[in-house]
Amino acid sequence: MDNKEISSSSGFFITIVFGIAGSLLIGLLFRGYSLFEFETPSSFVLVMGITGAIVYSALKFKTLKDSILLCLTLLLLNLIFMGSAPISYYVRDMVLFTGFWFCIFFYKLWLKRLSDKYMFLRALGFAAITAFVFIAASFVLILINVPFIKISSEMISKMILFYLQAGTIVGLGLGLGFDSAEIYLGVKNKRPKEHIRLQ
């Protein structure tokens, strides 16, 4: 294994760690220890934080195919752990994971191109996009359930508020975590060293 492979491998795992740490920090700040109570909705933030960290790191250090396969694997595991939940929840999570992958792809393709001076803005942009996708998924859940259960305006408001908060927490935490990982790895500082070695 050469130095480039070692750097890529370490970068992959370090980015995952920082991404999860960022989402945990923001999650604990807004949700407290309910984040670790898997019978509560707050654990959703933890699950999506871990998913986002792994998928983004694969997209950055591995390949597009790897990131898609990892996202599908994590979705499958999530569906298995859900057990005998209503079919609408399976559909919701498929929409959520698919939309979340596109959020991460957009973040990697466009938002990461913003200057480091706008680092916090990148994280806020990621939070806004993630919140939008999560809310869209909640509407899918509502539309599927309309024929089967009575849905009140209060229920819709609570659901939208939850996914708005969850998306903001996940996106902001991951965005700050990814930027922190980049600073730690010193990506930009490595380039001059490579030129020196070539001389």
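The values are calculated or read from the model by the stated rules, or taken from the named source; none is laboratory data. Predicted, not measured: the structure shown is a model, and the values here were computed from it. Backbone-built Cβ (ideal geometry, glycine too); neighbour counts: all protein chains shown. Remember, those area values only see protein heavy atoms, side chains included, never the ligands or the DNA or RNA. Shrake-Rupley method; radii C 1.70, N 1.55, O 1.52, S 1.80 Å.
Cβ-Cβ contacts under 7 Å between residues 6 or more apart (or on different chains), taken from a first residue in the stretch 152-163 that is within 16 Å of V45 (Cα to Cα) to a second residue that is outside any helix (DSSP H, G or I), are listed as F162/P41. Of the residues contained in the stretch 105-117, none is found to be crowded, with 19+ Cβ neighbours inside 10 Å, farther than 15 Å from P41 by Cβ, modelled with pLDDT of 85 or more and hydrophobic (A, V, I, L, M, F, W, C).
Checked against the criterion of being crowded, with 19+ Cβ neighbours inside 10 Å, under 17 Å from L25 (Cβ atoms) and modelled with pLDDT of 75 or more, the stretch 156-167 contains one or more residues that satisfy it.
Across the stretch 122-143, which residue is nearest to the chain's Cα centre (by Cα) among those that are open to solvent by 50 Å² or more (accessible area, probe 1.4 Å) and at pLDDT below 85?
If we filter the stretch 122-143 for residues that are open to solvent by 50 Å² or more (accessible area, probe 1.4 Å), which is where we start, we get 124, 128, 132, 139, 143.
Cutting the leftovers down to at pLDDT below 85 gives us 139, 143.
Numbers: F139: 20, L143: 25 Å.
Ranking the qualifying residues of the stretch 122-143, first place goes to F139.
Considered as a group, the residues in the stretch 24-63 that are surrounded by 15 or more Cβ atoms within 10 Å (Cβ to Cβ) and not in a helix (DSSP H, G or I) include one that is modelled with the lowest pLDDT, and that residue is S42.
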